[in-house]
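Chemist: Structure provided below as structure tokens; questions to follow.
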Ligand SMILES: Cc1cc2nc3c(=O)[nH]c(=O)nc-3n(C[C@H](O)[C@H](O)[C@H](O)COP(=O)(O)OP(=O)(O)OC[C@H]3O[C@@H](n4cnc5c(N)ncnc54)[C@H](O)[C@@H]3O)c2cc1C
Ligand SMILES: Cc1cc2nc3c(=O)[nH]c(=O)nc-3n(C[C@H](O)[C@H](O)[C@H](O)COP(=O)(O)O)c2cc1C
Ligand code: FES
């Protein structure tokens, strides 16, 4: 759905990373972890296109002025360019136009499996809402978070507060183990698990290969350049596993994803 | 004042208002049903259709540029069989004319797609995209050579009894001679403009941003070029014209009508605002009401110039 929202808060968590809370219609409360939203940073034509962000959290809050619970949606974002820079300048009370929820979310899997979340950098964002849903189902959840340095590792205490066991790896060793998060992950993989991963493509490729080698089912959440977010422009496609020029099999990240089973995709 | 008359007719296609959705920016209609009332717009034009399914280009396929975007989708589409089986049944239930945009990789293919669509209920008309490379002739674009364009239009004319709109490419030195060539070959209406060929470069990586290197520019950035071309063609060709290019609101749309367009298409605007087509129709009507104009068709070509 498309709706006008209001910024409730927009807080800098670490250099370049912000967490923004916005008002949302009640219906958004049923959004699935892994779904995303698209927002128009400005009413002007620069930047022109909407920007996509995963749902970091959806919940309700009590306002001071009345008793009824109000729905909010949160995103966790990194400032990387013009749009996110403008976003970071928004304040409480500013209006913003949203499309949400978009895309297909994570399927939570079967009860009793150990749930393994793997996040690279800002890829951590959609995993928090997922962790909440899994914990609410009574699942055991472990999080593997990776980044270049300690500033890239966000909201770990929030995950821990949910009861999630966390493992951290950074390229420079400023937080957790030094190295790739996938190296840490590999030591903990085994039967009876299910993986949910979000992050840069090389990381997702490594995770999906590892998952296959260990026979662990794995879902990945992808990013792509998007224009429409609703499956109309065909700008955001990824080749499916059996794609070739003769038998084209492109999947829309916005509509068929952003979450895919890792075996659905072609990993070059 | 009573409500202004918003209806227009293009090549025998009767529309409740002049707002059509541009090919490739509105999917097959269903994608937008959650965001607007499909029965509030004038007509829908579907994604460029070819005989066989088409894979399209590798990614990145789109990139934003100041006031616009470049796309090199590569005309990915489901092909005519899947279109008829999977997309058309839905569209038939919507009480809004559906115009099918089509193209061919060869001259013959244009004719085949057109004849397959001829006689199909639920297809109000066709729009022929001539901004495609002729695979058999070294990739020269049909729509940039008046002779090649004429061949395509003649062949499609023979292959269909449906109203035929020919969509012109702006990537030419003289759009008027292209328009005249297509009119002579039997077009019932002309739509313009398709995207302007452009390019974007990543300085630091020293690489083109699009996998296809070049792409088509659309959005507000191209509106002045589109207006100029519509105005030039309208002065020189008798056929009804459909104006396209960077239309974001009702005022933009009405400017195209003043320049000589009978109807307009909304493209990139639907990406920023999935309800854009309906909103633009409403804004046009509002303008007429506020200015005491009784019918939108009275504005066609009414520019004081
Ligand atoms: C489904 C989905 C979910 C996302 N979730 C989040 C999230 O939760 N938090 C977050 O911080 N970011 C997320 N992103 C990425 C985010 O959309 C981009 O970082 C943002 O659009 C950049 O806008 P900008 O104007 O600041 O950058 P621009 O000025 O447009 O570009 C700056 C740089 O960012 C890169 N970039 C731009 N757009 C994208 C994109 N769509 N995907 C990947 N890289 C891009 C460009 O390559 C460029 O190098 C998500 C993307 C998708 C597709
Ligand atoms: C992503 C995208 C895909 C397009 N696909 C087609 C197509 O398949 N056939 C066609 O004739 N035009 C296609 N176009 C061109 C549009 O129909 C329109 O002519 C152009 O975008 C200019 O209008 P705008 O500035 O309002 O977007 C496409 C444009 C975009 C942005
Ligand atoms: S963003 Fe347009 S199809 Fe996915």
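Chemist: I'd like the residue in the stretch A:241-251 that is without any contact (Cβ under 8 Å) to a residue 12 or more places away in the chain and facing chain B (nearest Cβ under 8 Å) and, out of all such residues, is surrounded by the most Cβ atoms within 10 Å (Cβ to Cβ).
Modeler: A:248
Chemist: Suppose we filter A:152, A:172 for residues that are over 21 Å from residue A:219 (Cβ atoms) and surrounded by 22 or more Cβ atoms within 10 Å (Cβ to Cβ); which single one remains?
Modeler: Just one listed residue meets the conditions, A:152.
Chemist: Among the listed residues A:201, A:238, which satisfies the condition of being within 12 Å of chain B (Cβ to nearest Cβ), surrounded by fewer than 18 Cβ atoms within 10 Å (Cβ to Cβ) and within 16 Å of ligand 1 (Cβ to nearest atom)?
Modeler: Just one listed residue meets the conditions, A:201.
Chemist: Is it fair to say residue A:9 is away from ligand 1 (no atom under 16 Å from the Cβ), surrounded by fewer than 21 Cβ atoms within 10 Å (Cβ to Cβ), more than 14 Å from chain B (Cβ to nearest Cβ) and more than 30 Å from residue A:195 (Cα to Cα)?
Modeler: Spelling it out, residue A:9 is indeed away from ligand 1 (no atom under 16 Å from the Cβ), surrounded by fewer than 21 Cβ atoms within 10 Å (Cβ to Cβ), more than 14 Å from chain B (Cβ to nearest Cβ) and more than 30 Å from residue A:195 (Cα to Cα).
Chemist: Sticking with this one: Collect the residues in the stretch B:100-144 that are outside any loop (DSSP other than H, G, I, E, B) and under 21 Å from residue B:263 (Cα atoms), keeping them in residue-number order.
Modeler: B:100, B:101, B:102, B:125, B:126, B:127, B:128, B:129
Chemist: Take residue A:75 and tell me if it is at pLDDT 95 or above and under 22 Å from residue A:253 (Cβ atoms).
Modeler: Answer is yes for this residue.
Chemist: Just give me the residues in the stretch A:78-133 being within 16 Å of ligand 3 (Cβ to nearest atom), within 14 Å of chain B (Cβ to nearest Cβ) and not in a helix (DSSP H, G or I), in sequence order.
Modeler: Once the filter is applied, which keeps residues that are within 16 Å of ligand 3 (Cβ to nearest atom), within 14 Å of chain B (Cβ to nearest Cβ) and not in a helix (DSSP H, G or I), the stretch A:78-133 yields A:98, A:99, A:100, A:101, A:102, A:103.
Chemist: Of the residues B:53, B:18, B:4, which single one is modelled with pLDDT under 95 and either within 16 Å of ligand 3 (Cβ to nearest atom) or on the phi < 0 side of the Ramachandran plot (or both)?
Modeler: Exactly one residue qualifies, and that residue is B:53.
Chemist: Which is within 14 Å of chain A (Cβ to nearest Cβ), touching a helix residue (DSSP H, G or I) at 6+ places or on another chain (Cβ under 9 Å) and either within 22 Å of residue B:305 (Cβ to Cβ) or within 16 Å of ligand 3 (Cβ to nearest atom) (or both), of B:253, B:269, B:234?
Modeler: Being within 14 Å of chain A (Cβ to nearest Cβ), touching a helix residue (DSSP H, G or I) at 6+ places or on another chain (Cβ under 9 Å) and either within 22 Å of residue B:305 (Cβ to Cβ) or within 16 Å of ligand 3 (Cβ to nearest atom) (or both) holds for just one of B:253, B:269, B:234, which is B:269.
Conditions tested, residue by residue: (1) assigned to a helix (DSSP H, G or I); (2) surrounded by fewer than 20 Cβ atoms within 10 Å (Cβ to Cβ).
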position	(1), (2)
B:151	yes, yes
B:156	yes, no
B:173	no, yes
B:176	yes, yes
B:190	no, no
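Chemist: A follow-up question, please. Would you check which residues across the stretch A:204-230 are out of contact with any strand residue (DSSP E or B) (no Cβ under 8 Å at 6 or more places or on another chain) and within 14 Å of another protein chain (Cβ to nearest Cβ) and list them?
Modeler: A:228
Chemist: Anything in the stretch B:13-23 that is over 14 Å from residue B:126 (Cα atoms) and within 16 Å of ligand 2 (Cβ to nearest atom)? List them, or say none.
Modeler: Result: B:18, B:19.
Chemist: Continuing with the same structure: List the strands (runs of 3 or more DSSP E) inside the stretch A:179-268, counting only whole elements, that have at least 1 residues being within 16 Å of ligand 2 (Cβ to nearest atom) and closer than 25 Å to residue B:60 by Cβ.
Modeler: Output list reads A:237-239, A:250-252.
Chemist: Can you tell me which of B:45, B:41, B:13 is more than 9 Å from chain A (Cβ to nearest Cβ), closer than 22 Å to residue B:104 by Cβ and touching a strand residue (DSSP E or B) at 6+ places or on another chain (Cβ under 6 Å)?
Modeler: Only one candidate qualifies: B:45.
Chemist: Another question, if that's okay. For the stretch A:12-25, enumerate the residues that are surrounded by fewer than 16 Cβ atoms within 10 Å (Cβ to Cβ) and either within 14 Å of chain B (Cβ to nearest Cβ) or modelled with pLDDT under 95 (or both).
Modeler: Selection gives A:13, A:14, A:15, A:25.
Chemist: Quick check on my filter: what residues within the stretch A:52-77 are surrounded by fewer than 13 Cβ atoms within 10 Å (Cβ to Cβ) and in a strand (DSSP E or B)?
Modeler: A:60, A:61, A:62
Chemist: Give B:79, B:139 a once-over and let me know the one that is within 19 Å of the chain's Cα centre (by Cα) and modelled with pLDDT under 95.
Modeler: Matching residue, one of B:79, B:139: B:79.
Chemist: Follow-up. What's the total number of residues in the stretch A:29-51 that are within 18 Å of residue A:257 (Cα to Cα), part of a loop (DSSP other than H, G, I, E, B) and facing chain B (nearest Cβ under 10 Å)?
Modeler: Result for the stretch A:29-51: 1.
Chemist: Those residues that are at the interface with chain A (Cβ under 7 Å from one of its Cβ atoms), part of a loop (DSSP other than H, G, I, E, B) and within 11 Å of ligand 2 (Cβ to nearest atom), I need them from the stretch B:49-65; list them, please.
Modeler: B:56, B:61, listed by residue number.
The values are calculated or read from the model by the stated rules, or taken from the named source; none is laboratory data. Note that the structure is predicted; figures quoted are calculated from it, not measured. All Cβ positions, even for glycine, are placed from backbone atoms using ideal geometry, and neighbour counts span all protein chains on display.
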